[in-house]
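Take a look at the structure set out below.
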Amino acid sequence: MKKIGKMGAALLLTLSMAMLGACGNSNDGNTAAKNGNSATQAPAADNGDKTEGKSITLGFSQVGAESGWRSANTKSIQDSAKEAGYTLKFSDAQQKQENQIKALRSFIQQKVDVISFSPVVESGWDTVLKEAKAAGIPVVLTDRAVDSKDTSLYVTFLGSDFVEEGRKAGQWLTEQYKDAAEDVNIVELQGTTGSAPANDRMSGFAEVIKDNPHLKIIASQTGDFTRAKGKEVMQAFLKANKDIDVLYAHNDDMALGAIQAIEAAGLKPGQDIKIISVDAVKDGMQAASEGKINFIVECNPLLGSQLMQVVKDIVDGKAVEPRIVTEETTFTSEQAKEALPSREY
Ligand code: GZL
């Protein structure tokens, strides 16, 4: 919460202590009242809405700027925080977990009202999340999940179901090759090693295609969600495998990099090699509308307004669903061509 001058703080402290005595403290761990800031806050508005007339401070640690999806996600969070009138402390971790942990510790030091972040990888968060809990600062996961067994360490996870995204990719491919009489060689460009989207998109896809013995993943390697790495790994795949039928890329940026490698090898993306991708960012949808990507599974990055509502509900002491799944769809090349003009990102 915003700080007030010394005199104002003393006066408000007296007033707030009197009020806290009257209304008590929520013990659900979900309210800012426990974060040590409440003593310097302006009194709640008459209508009982604790947040009216006070600016909320949100600390947000972002993965990085590795892809078109990430840029759209960052814009959504920054624009939505501005629209909500929140003070946003934003940090870009350049895809390094140690930078995210440093940022979370800094937010704790600054006594922000709520912490939110998109964990670059699933593991290694329990210590810093326990520090946030001890400081009474609620945490909201967005976009990606953590594998902490202690779900009391965060209030909710707002983001896509990546396993379902992988299943959707597998279902389309299985349908395409349901009458295949010979092997279909698939290469897979995985997202960032250890990240929830990479782990889950891989498992969801494998779960579905396993029912068709002709569908074979002959190579699978991380392209770290970037175009450059996607191109580099696809070049290696093409060098090592003479007969590739399908590319499954965990995001559009790696698919777009791979398309460069496929064309440089004198092959036609979307024809000689079928391509399935995930995200549905503008550049990916453009490639799909040109028939270079055959099927795109949408992963919606526009989480900003939902996140700000969750933050407000937490500060107001309202109950929040422990899992909020984002709405998303899929596009064939034809559908991408129709949808492209109205795409927001
Ligand atoms: C998915 C997100 C992934 C995108 C990539 O929610 O975490 O990270 O699919 C991005 O484009 O880099």
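Below are the figures for this structure:
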quantity: Apportionment of accessible area to carbon and sulfur, segment 229-305, percent (1.4 Å); calculated: 45
quantity: Cα-Cα pairs of segment 242-344 separated by more than 18 Å (percent); calculated: 53
quantity: Exposure of residue 243 as accessible area (Å², to 10), given a probe of 1.4 Å and all protein chains; calculated: 90
quantity: In Hz, Karplus ³J(HN,Hα) per residue of segment 87-99 (6.51, -1.76, 1.60; θ = phi - 60°; x = Gly, Pro); calculated: 8, 9, 9, 10, 10, 9, 8, 6, 6, 10, 4, 5, 6
quantity: Qualifying GluC sites (Glu not before Pro) in segment 264-328, DSSP loop, other Cβ atoms within 10 Å at most 11; calculated: 327
quantity: Quotient of C-alpha Rg and 2.2 N^0.38 Å, computed over segment 147-206; calculated: 1.46
quantity: Rounded, prolate or oblate (a/c below 1.5 giving rounded, otherwise prolate when a/b exceeds b/c) for segment 166-289 by Cα gyration tensor; calculated: rounded
quantity: Residue 222 long-range amide H proximity, modeled H, under 5 Å; calculated: 190
quantity: Cut-off under 5 Å, modelled amide H: who pairs with residue 60 long-range; calculated: 89, 90, 91, 116
quantity: Trypsin sites (Lys or Arg not before Pro) lying in DSSP loop within segment 233-292, provided at most 14 other Cβ fall within 10 Å; calculated: 242
quantity: ³J(HN,Hα) computed for each position of segment 245-254 - Karplus, 6.51 cos²θ - 1.76 cosθ + 1.60, integer Hz, glycine/proline x; calculated: 9, 9, 10, 10, 9, 6, 7, 5, 4, 5
quantity: Surface accessible to a 1.4 Å probe, residue 102 within the full protein complex, Å²; calculated: 130
quantity: Cut-off under 5 Å, modelled amide H: who pairs with residue 158 long-range; calculated: 141, 142, 143, 324
quantity: Probe 1.4 Å - accessible area at residue 227, Å² to nearest ten; calculated: 90
quantity: In sequence order, calculated HN-Hα J values of segment 146-159 (Karplus, 6.51, -1.76, 1.60; Hz; x Gly/Pro); calculated: 10, 9, 4, 6, 8, 6, 6, 7, 8, 7, 7, 10, 9, x
quantity: Entries in 89/282; 216/239; 54/96; 96/130; 178/242 that, when Cα-Cα distance is taken, lie over 25 Å; calculated: 89/282; 54/96
quantity: Sites matching GluC sites (Glu not before Pro) across segment 117-218 that sit in DSSP coil, with at most 13 neighbouring C-beta atoms within 10 Å; calculated: 182
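The values are calculated or read from the model by the stated rules, or taken from the named source; none is laboratory data. Since this is a predicted model, take the numbers as computed values, not measurements. When we count neighbours, we look across all protein chains shown, and the Cβ atoms used for this are built from the backbone with ideal geometry, even at glycine. Each accessible area value is taken on the protein alone, full model and side chains, heavy atoms only, with ligands, DNA and RNA left out. Shrake-Rupley method; radii C 1.70, N 1.55, O 1.52, S 1.80 Å.
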